[in-house]
Amino acid sequence: MTRFVLGRIGGALFVLLALSATVYLLFYVAPGDPARLACGERCNPAQVAQVREQLGLNDPVVVQYLQFLQGLFTGRDYSGGAGLVLHCDAPCLGFSYQNDQQVTGLLLERLPATLSLALGALVIWLLVGVGTGLLSALRRGGPTERLLTVLTLAGTGTPVFILGLLLLMAVCAYLQWLPFPTYVPLGEDPEQWAWNMLLPWITLGVFESAKYARLTRSSTVETLAEDHIRTFRAYGVSERAIVTRHAVRGAVAPVIALSAVDFGTMIGGAVLTESLFGIPGLGKTLIDGVRVVDLPVVVGVVLAIGTAVVLAGAVADLLYALADRRVALT
Amino acid sequence: MDSARGGVPLGSLGGISADHWLGVEPGTGRDLFVRLLYGARISLLVALGATAVQILVGVAAGLAAALGNRFAGQLIGRLTDVMIALPMLVLGIALTAVVPADFPRTLLLILVIGLLSWGGTARMVRAQTQALQGLDFVAAARLSGNGTLRIARRELLPSLAAPVITYAAIQVPANIVAEASLSFLGVGVKPPTPSWGQMLSSAQTWFRADPLYVLLPAGLLFVTVLASTVLGDAVRTALDPREGSRLRIGTGKEAAA
């Protein structure tokens, strides 16, 4: 067990290190002039030179990267010129000159919006996805199953923003049941927060459900072929009880594992939903950062998202092993 | 075009007429039918191009991982894991930020999508190659004194064709979605070049005034993705290694190219 956990953590750390090095090289070293980009378009050459000095861009690449890593773990100082020192606490991801804010702080500010989106979607896909999967496992071979199969096939392929756009159009523009969503922080007004998040939750949750329905159905059906199910049948347990109480256990482990991965991806990967509904989360921060070419923000978001994804993958492996003891921790 | 109302198309259903079969685009007055057709060209070109790139890189990496020495195998295997774990969309968005603006966008999209999603192909090719290496005909080729490269070309690649083609066919719809997503987010092809994702993005402001402007690209995207998903599934059934007698590589190649 300990060996397994240590191995996973080691692997995750390796991936993160590789990711940070790649992203760093790609964004700070390869193209264009980072100093000019960081400084913005209105800077004159003297200011650009000053920013270049502050960012340490005159040092060799390796030194720069090591300083970046040092910033991540222990924090670092930027000399702001004229005796001014900008201190950046660990974990320091750099300074966004265009937002006039430290990237770490900016990301922490945006995290709650992303988390509230991902949590709501998680609840919906667990309910709808697993429910649908169970129903189609129960009605094997019937017209219900065929209908559900077609729906899930259509659902897995369609881009999430089509569903979101159609929902927005129907619910907000035509039926006018809800106003167009604007994000209200949970701390400000929980009721408004929930109403405004309703459509994003449904969009993302239902979109993800298709995958879970397929997974639940196939794992349940797989379990149905096992010996202990045959014994239950021989004892005269009803088909309904067999599927919903016994066979579904086969689906628990994979659903939990995939949920952990998806939740991690969603922390950063719900870019489409966030940008469609204007939720100021990490994904939206990334898109905004790209629009104004704010490289420190882009690098910061990519690293944060990569971390979330890698951590989620490791957590998923652990949960899988805990939920299904047959998967010996190897 | 009704300029008093901010460019809403005149006439019913977004201005459908004999001149403009599906009406015109609100705001600009461009013919919607033509833009949808050109959008299809971008979507399909990018999706197929990206699939080709990702299959090429994936097969090369997978073969190298399986045939190379232990160190190379480890390194490429790790790299593959990283590529699979990373969210493609996020990195794609980030990459478009650093590429110079005058780089051709269509090519950029093909490269970004292709180079970020070869992990699955590489992993599959590696596993298949390792399985093949234990088979007699590969051993026979090695015993007759053939080099690794020759074995890869003469013995392994033909046997890998069926699974790789299947994988490619399944990747096409995923790549169509990837292109639409990037364009929807405004980092894909630049206007006035049309793409379905980009049209949907600009249609957001015309919900009430011109519902067709939303529904047409959305419907086309939906149908195209669904159709290529079904096609991919058919290719898989046709080329399933367990049903060797139904191996029809000819049809599969057309589907995957």
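Each value in this text was obtained by applying a stated rule to the coordinates, not by laboratory testing. Since the structure is predicted, the reported quantities are computational estimates derived from the model, not experimental observations. Virtual Cβ from ideal backbone geometry, glycine too; neighbours counted across all protein chains shown.
Roughly what would the spin-label model give for B:ARG153 and A:SER238, points 7 Å off Cα along C-beta, in nm?
6.8
At A:ASP227 and B:LEU37, where each label point lies 7 Å from the Cα along Cα→Cβ, what is the point-to-point distance in nanometres?
6.6
For a Förster distance of 41 Å, can you work out the FRET efficiency between the beta-carbons of B:ARG70 and A:THR144, rounded to the nearest 0.05?
0.20
Would you mind computing, in nm to one decimal, how far apart the modelled labels at B:LEU135 and A:GLN70 are, each placed 7 Å from Cα along Cα→Cβ?
Going by the 7 Å Cα→Cβ label model, 5.6 nm.
Each residue of segment B:182-192 in turn: what ³J(HN,Hα) in whole Hz from Karplus with 6.51, -1.76, 1.60 and θ = phi - 60°, glycine and Pro shown as x?
Going residue by residue, I get 4, 5, 4, 7, x, 10, x, 5, 8, x, x Hz, with x marking Gly and Pro.
Would you please give the residues with an amide H less than 5 Å from that of A:PHE95, counting only those at least 5 places away or on a separate chain, with H modeled from the backbone geometry?
Amide H neighbours of A:PHE95, under 5 Å, 5+ apart: A:VAL103.
Once phi is turned into θ = phi - 60°, what whole-Hz ³J(HN,Hα) does the Karplus curve with 6.51, -1.76 and 1.60 give for every residue of segment B:200-214, x standing for Gly and Pro?
4, 5, 7, 6, 4, 8, 10, 3, 7, 6, 8, x, 5, 4, 7
For A:ARG249 and B:ARG30, what is the calculated FRET efficiency with R₀ set at 51 Å and r taken between the beta-carbons, to the nearest 0.05?
Step by step, r from the Cβ atoms, then E = 0.35.
Please average, across the residues of B:168-181, the number of beta carbons from any other chain that are within 10 Å of each residue's own beta carbon, and give a whole number.
2
Taking 0.36 nm per intervening residue step and subtracting the Cα-Cα distance, what contour gain separates A:ALA18 from A:ALA170 on full extension?
Between A:ALA18 and A:ALA170, full extension yields an extra 50.2 nm.
Would you kindly derive the ³J(HN,Hα) couplings of segment A:209-226 from the backbone phi angles with the Karplus curve 6.51 cos²θ - 1.76 cosθ + 1.60 (θ = phi - 60°), listing them in order in whole Hz, with x for Gly and Pro?
After applying 6.51 cos²θ - 1.76 cosθ + 1.60, I find 4, 3, 4, 5, 4, 5, 5, 4, 4, 5, 5, 5, 4, 4, 5, 4, 7, 7 Hz.
Net charge near A:LEU122: determine it from the other residues with C-beta under 11 Å of the C-beta of A:LEU122, scoring Lys and Arg +1 and Asp and Glu -1.
-2
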